[in-house]
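Worksheet for the structure shown next.
The values are calculated or read from the model by the stated rules, or taken from the named source; none is laboratory data. Computed from a predicted model, the values in this text were never measured in an experiment. Cβ coordinates were reconstructed from backbone atoms using ideal geometry, including for glycine residues, and neighbour counts include every protein chain displayed.
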Amino acid sequence: MKLYSLWALSLLIGSATSQADALESQWELAMTAAYDRASDSSLFEGQSSVSRQALLQGALQYEAWEGQVSTFHQAERGGSEDSELVVEELFWQGSLQDWDWLLGKRRLDFGVGYGHRPLDWFLPIERNPVSLQVSEGVGVVSASRFTESGELSLMLIDASISQVSGGDLPRGLAMRWYQLGLSAEWQLLGYMDDQRGVNLGGSWVNTYGEQWEVHAEWRYQQEYWRWLPPELMAIPKQEKTNDGWQALIGMTWANSIGHSIILEYWFDSRSWGKNEWGQVFDYSQWYQNHGVQWDSFRRSSAMAFSNDNALRHNLLLHWMLSNNEYHPKVDLVYTPEDSGLFLTIGGERKLTEDWVLGASARFFGGRDESAFAQLQSQAVFTFSTTIVF
């Protein structure tokens, strides 16, 4: 456990013991069991697995302090087990000289998309996962000034205090300008950090009547690491390059019965295209056919999946029904460049006000040469339960 975690946990415990009546808390326990069916991809060693996860989260508030602490446990059948205590958030809020101040560790989420969020700059997390995950914040000192229709914020960001994400994470200075109109809202963001240089972005959301909504967001990144095109008998390499772009546009329709539909398209210039993934498939087949001495080259090609988006062009269709008891949903992501897709079917059943059961199935596929068809998993089946107390 990092020193920051020990300090934060000690502060929370101290607050609870000294002023127990003033401390407000709410706890949630989520548990999942999953079966991961391996694909026949030549990039990975095919082996299906069964796993389980448990996540205990506590939301705490003490005067001007707020926090969220979690204990995350995961285990695989016949494999290792691991538990971690994570301070997801711990921050103080107050006002001084007509400015609102925030100091501590907090999640900063400025994106407006459903399937992808180009404005998740500071500590991105997986969108709509079928497994449990810890969503922690970044170190931030921010000053915000509000008007009747908007907000101006200046932020000093340090993502390196993360307990869960590995590697050297960026630090920098950010600015956000937000405006709200009669039916629309928009924002502009700028961020200068020590790893990616200048980051610029913005978003726009507009509603039309009671049923329709349109949203868009974009991002420019001055510097980023990209995977070089694959080569036969060579370990994949990265190079630092300039001028990366991401953009998303989407729409939402919803009615009074509880049905909602989301359509989205997003583009990522940093990602590979059809030709690169086709080469990965061809080379991996060659390695597999020429013996185990080529296994290291074959498996190394999977490094390209570490990109935020596997393909430059992505389409999403989402449907959900919300009523008093049942919440089914369907997500379909399709990559038109290489005819890849993954489909998620799931839902939740509300048994009581504090108890929910859920299940989901996610399938990966498409053409053999597509990126999604080369993933390690062919399907993931998950059962979950959540209890609030």
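What the table shows:
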quantity: Wholly within the range 209-299, strands (runs of 3 or more DSSP E) carrying at least 3 residues that are in contact with a His (Cβ under 8 Å, 6 or more places away or on another chain) and hydrophobic (A, V, I, L, M, F, W, C); calculated: 238-254, 259-268
quantity: Check on Leu263, at negative phi, surrounded by 20 or more Cβ atoms within 10 Å (Cβ to Cβ) and in contact with a Gly (Cβ under 8 Å, 6 or more places away or on another chain); calculated: no
quantity: Residue list for the range 333-352, restricted to those being closer than 21 Å to Ala371 by Cα and either without any contact (Cβ under 8 Å) to a residue 40 or more places away in the chain or of a type outside the set (A, V, I, L, M) (or both); calculated: Tyr334, Thr335, Pro336, Glu337, Asp338, Ser339, Gly340, Leu341, Phe342, Leu343, Thr344, Ile345
quantity: Which listed residue is under 25 Å from the mean Cα position of the chain (by Cα) and without any contact (Cβ under 8 Å) to a residue 24 or more places away in the chain, from Val380, Val356, Val330, Val388; calculated: Val330
quantity: Residue in the range 110-132 that is in a strand (DSSP E or B) and in contact with a strand residue (DSSP E or B) (Cβ under 7 Å, 6 or more places away or on another chain) present; calculated: no
quantity: Subset of the range 277-297 (residues that are farther than 20 Å from Glu239 by Cβ and crowded, with 21+ Cβ neighbours inside 10 Å); calculated: Phe281, Ser284, Tyr287
quantity: From the options Thr382, Thr335, residue that is modelled with pLDDT of 95 or more, closer than 16 Å to Lys274 by Cβ and crowded, with 18+ Cβ neighbours inside 10 Å; calculated: Thr335
quantity: Filter result (in a loop (DSSP other than H, G, I, E, B) and either touching a residue at least 12 places away in the same chain (Cβ under 8 Å) or more than 30 Å from Ala33 (Cβ to Cβ) (or both)) within the range 93-109; calculated: Gln97, Asp98, Arg107, Leu108
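For (1) outside any loop (DSSP other than H, G, I, E, B); (2) acidic (Asp, Glu); (3) in contact with a strand residue (DSSP E or B) (Cβ under 6 Å, 6 or more places away or on another chain), each residue gets a yes or a no:
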{"position": "Asp331", "(1), (2), (3)": "yes, yes, yes"}
{"position": "Tyr334", "(1), (2), (3)": "yes, no, yes"}
{"position": "Asp338", "(1), (2), (3)": "no, yes, no"}
{"position": "Phe342", "(1), (2), (3)": "yes, no, yes"}
{"position": "Ala361", "(1), (2), (3)": "yes, no, yes"}
{"position": "Ser370", "(1), (2), (3)": "no, no, yes"}
{"position": "Val380", "(1), (2), (3)": "yes, no, yes"}
{"position": "Thr385", "(1), (2), (3)": "yes, no, yes"}
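Residue-wise test of (1) at pLDDT 85 or above; (2) among the small types (Gly, Ala, Ser); (3) under 26 Å from the mean Cα position of the chain (by Cα).
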site: Thr17; (1), (2), (3): no, no, no
site: Asp21; (1), (2), (3): no, no, no
site: Gln26; (1), (2), (3): yes, no, yes
site: Ser41; (1), (2), (3): yes, yes, yes
site: Gln53; (1), (2), (3): yes, no, yes
site: Leu56; (1), (2), (3): yes, no, yes
site: Gln61; (1), (2), (3): yes, no, yes
site: Gly67; (1), (2), (3): yes, yes, yes
